[in-house]
Every structure is written in C-alpha cells, then in structure tokens.
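The values are calculated or read from the model by the stated rules, or taken from the named source; none is laboratory data. This one's a predicted model, so the numbers in the text were calculated from it and none came from an experiment. Using ideal geometry, Cβ is built from the backbone for each residue, glycine included, and neighbour counts are taken over all protein chains shown. Accessible surface is based on the protein model in full, side chains and every heavy atom, while ligands, DNA and RNA are left aside. Shrake-Rupley method; radii C 1.70, N 1.55, O 1.52, S 1.80 Å.
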Amino acid sequence: QVQLVESGGGLVQAGGSLRLSCAASGRTFSYSAMGWFRQAPGEEREFVAAINWNGYTTSYADSVKGRFTISRDNAKNTVYLQMNSLKPGDTGVYFCARRLVAAVGGSMQDYNYWGQGTQVTVSS
C-alpha cells in the first residue's frame with residue numbers, strides 16, 4: 001500500500017524559510033514522478049511544484065518560481081520542498097502527491113496518491 005507522509009510545516013514570518021519533506025512507502029518510488037500542491041482556506045487545491053523520477057526535470061507554478069525548490073532522494077524515498085522568501089499568500093495546507101508514471105504532471109488529475117497534508121502559515 002502506498003503511503004505519503006508530509007512533515008516540516010509550521011508558522012514562519014514573511015521572508016522566512018521552511019523545508020517540507022514527504023516520505024513515501026513502496027519499492028517503486030524511484031520510478032514515480034512526485035508533486036506538491038497546496039490549498040488555502042476557501043480555495044481550490046493548486047499545483048506548486050513537480051519533479052520527474054530521476055530529479056532531472058522540475059516544474060513550478062509561476063507564483064513560486066525562484067523561491068521554491070523541489071528535490072528528491074530516491075535512496076530515502078523522500079521528496080523535499082525548500083521554500084524561501086515566504087509570503088502570507090503561501091499560507092495553506094501543503095500536500096505531497098505521487099504519480100504512477102515517471103514524467104512530471106501539473107494537475108491534480110495526474111496524481112494517484114496523496115498525503116494528508118502539512119500546514120504552513122506565513123505571518124506578515
């Protein structure tokens with residue numbers, strides 16, 4: 001059974017940084033593309049970043065380009081989201097997601113498994 005467990009969320013002041021982690025179960029993790037999405041209160045879940053199976057290809061939402069970095073460690077079955085220069089608009093629950101294919105995907109429909117999410121709150 002595939003499980004995704006996010007960690008690293010918290011409360012931070014604007015301009016600060018956080019690093020989210022997502023630990024995945026399953027021996028086929030290294031063949032799966034991974035993604036991060038977020039959902040603000042009263043808003044729809046939106047794409048943040050994605051990474052292909054070997055880490056060579058990444059994709060970002062325009063709103064986070066230059067501030068967030070997605071990476072992965074296949075030996076640890078873990079994907080990371082380094083978030084710098086955080087803004088109050090980055091506040092929300094951040095979800096890790098896994099595809100059953102190797103290439104990146106930019107929409108929720110591209111992903112097959114989801115974590116429970118971790119809360120990120122950025123104060124002004």
(request) Starting at the first residue of segment 29-35, write each ³J(HN,Hα) from the Karplus equation 6.51 cos²θ - 1.76 cosθ + 1.60 with θ = phi - 60°, in whole Hz, x for Gly and Pro. (result) 4, 5, 9, 10, 6, 10, x
(request) Once you have the Kirkwood Rh of segment 59-121 from its Cα pairs, apply Stokes-Einstein at 10 °C and 1.306 mPa s and quote D in µm²/s. (result) 121
(request) Any chance you could run the full-extension gain for residue 19 through residue 76? It's 0.36 nm times the residue separation minus the Cα-Cα distance, nm to one decimal. (result) 18.9 nm
(message) Strictly greater than 16 Å: what percent of every Cα pair in the chain meets that?
(response) 56
(message) Spelling out what I want: for every residue of segment 74-81, take phi, set θ = phi - 60°, compute 6.51 cos²θ - 1.76 cosθ + 1.60 (Karplus), and round to whole Hz; glycine and proline get x.
(response) 5, 5, 10, 6, 9, 10, 10, 9
(request) Assuming a ≥ b ≥ c are the square roots of the Cα gyration tensor eigenvalues, decide whether segment 35-95 counts as rounded (a/c under 1.5), prolate (otherwise, with a/b larger than b/c) or oblate. (result) prolate
(message) Between residue 30 and residue 44, what is the label-point separation in nm under the 7 Å Cα-to-beta-carbon projection?
(response) 3.7
(request) Please give the FRET efficiency for residue 1 paired with residue 124, using the beta carbon to beta carbon distance and R0 = 41 Å, rounded to the nearest 0.05. (result) 0.50
(request) Could you pull the Rg and Dmax for segment 1-57, using just the Cα atoms, both in Å? (result) 13.6, 38
(request) Pop out the carbon and sulfur fraction of the accessible area of the chain as a percent, whole number, probe 1.4 Å. (result) 47
(request) Only Cα pairs under 8 Å and at least 6 apart count here; give the relative contact order of the chain as a rounded whole percent. (result) 36
